[in-house]
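Chemist: If you scroll down you'll find the structure; I have some questions about it.
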Amino acid sequence: MKHLSVIALALLANPAIAQESPYDSRGRYEVKQTLAGPGCHFFRPIMPEPHPSPVILWGNATNTMVVRYAPMLTQWASHGFIVGASVSGNAGSGREMLACLDFLQKENARDGSAFYGAVDPSRVGASGHSQGATGAIMAGRDTRIETTVPIEPATRGGRYEPGAEKKQHGPMLLLSGGADNITEPLSNHKFVFDDANVPVVWATLLAASHNTPAVQDSGPYRPATTAWFLWQLMGDERAGSLFKGAACGYCVDPAWIVETRGVE
């Protein structure tokens, strides 16, 4: 119970937001945004020599627009990911996000498409905030999803199907907020960490409220998610060192409380 029992004390003792991360900046690629497909907002890297890129699917919080998360999604794309964000404000089933992946796979094979030959369907992740994070876990039941990053998922009621956490197909970075009183970590996230059938890193940003991921530039969630996807979908072991091992980068960062299970 370390993860939850010390949150209140740590929040009082150390209210600082996370230390500056080497994954806090844009990558080397310019980014183009396109509305296309079945309600999808795509962020794609502009590469001098195009090659198949990993994909990240995104789901918004309830009644929230993609623009609220654009700095984070743009940063992911600047590091070489194609980001397919559902424009829906009701993406908790995961279907809206997977529809963007279906579209990308078709366009990847269509001569003349902006995505022709640009998609690597073997490297796909899913993320989202609040209801969209619920959608990420739900989408994670699809065998095409290699990793998930649910940010403050709303797992009690709504569109979350009990047991979805037991049907995942790749490692999960479960992100919580220590000051989140809407999707409170103990009731919404602990059972996901305990019961998921895949390796899990559960990281709580102590000073974060439920709105932190949707304001300004998504705060410390932006570099954390960037590093995770670079590790999981691009094999960046330096990024992986932030999450694995007893002395992992986020494990020793006083702005976070971290627990891991099955992560190597």
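Chemist: Restricting to region 225-264, and then to whatever is surrounded by fewer than 18 Cβ atoms within 10 Å (Cβ to Cβ) and in a helix (DSSP H, G or I), can you tell me which residue is nearest to the chain's Cα centre (by Cα)?
Modeler: Met234
Chemist: Could you give me the residue pairs with C-beta distances under 6 Å whose first residue belongs to region 48-62 and is within 22 Å of Glu146 (Cβ to Cβ), whose second residue is surrounded by 24 or more Cβ atoms within 10 Å (Cβ to Cβ) and among the polar types (S, T, N, Q) wherever it lies, and which are 6+ apart or on separate chains?
Modeler: Between residues of region 48-62 that are within 22 Å of Glu146 (Cβ to Cβ) and residues that are surrounded by 24 or more Cβ atoms within 10 Å (Cβ to Cβ) and among the polar types (S, T, N, Q), the close pairs are Trp58/Ser127; Gly59/Ser86.
Chemist: Considering only residues of region 201-224 that are more than 24 Å from Ala77 (Cα to Cα) and among the aliphatic types (A, V, I, L, M), which is surrounded by the fewest Cβ atoms within 10 Å (Cβ to Cβ)?
Modeler: Step by step, filter region 201-224, then rank; the result is Ala207.
Chemist: Of these, Ser187, Ser241, which one is more than 16 Å from Ala136 (Cα to Cα), touching a Cys at 6+ places or on another chain (Cβ under 7 Å), at pLDDT 95 or above and not β-branched (Val, Ile, Thr)? First the steps, then the outcome.
Modeler: Details: Ser187 fails: touching a Cys at 6+ places or on another chain (Cβ under 7 Å).
None of the others qualify; the one that does is Ser241.
Chemist: Now for a different question. List every residue pair whose Cβ atoms sit under 8 Å apart, with the two residues 6 or more apart in sequence or on different chains, where the first one lies in region 81-98 and is over 9 Å from Cys40 (Cβ atoms) and the second, anywhere, is of a type in the set (D, E, K, R) and buried (at least 24 other Cβ atoms within 10 Å of the Cβ).
Modeler: The qualifying pairs are Ile82/Arg44; Val83/Arg44; Ser88/Glu96; Asn90/Glu96.
Chemist: Just checking: which of the strands (runs of 3 or more DSSP E) contained wholly in region 92-211 hold 1 or more residues that are basic (Lys, Arg)?
Modeler: On the way: elements: 119-129, 147-151, 172-177, 200-205.
In region 92-211, the matching strands (runs of 3 or more DSSP E) lie at 119-129.
Chemist: Being over 25 Å from Thr143 (Cβ atoms), of a type in the set (Gly, Ala, Ser) and surrounded by 19 or more Cβ atoms within 10 Å (Cβ to Cβ) is the filter here; which residues of region 68-100 pass it?
Modeler: Of everything in region 68-100, just one residue is over 25 Å from Thr143 (Cβ atoms), of a type in the set (Gly, Ala, Ser) and surrounded by 19 or more Cβ atoms within 10 Å (Cβ to Cβ), namely Ser78.
Chemist: Take region 116-135 and flag every residue that is buried (at least 24 other Cβ atoms within 10 Å of the Cβ) and in contact with a helix residue (DSSP H, G or I) (Cβ under 7 Å, 6 or more places away or on another chain).
Modeler: Going residue by residue through region 116-135, those that are buried (at least 24 other Cβ atoms within 10 Å of the Cβ) are 119, 124-135.
Passing the criteria: Val119, Val124, Gly125, Ala126, Ser127, Gly128, His129, Gly135.
The values are calculated or read from the model by the stated rules, or taken from the named source; none is laboratory data. These numbers were taken from a predicted model, which means no experiment stands behind them. FYI the Cβ positions are ideal-geometry reconstructions off the backbone, even for glycines, and counts take in every protein chain you see.
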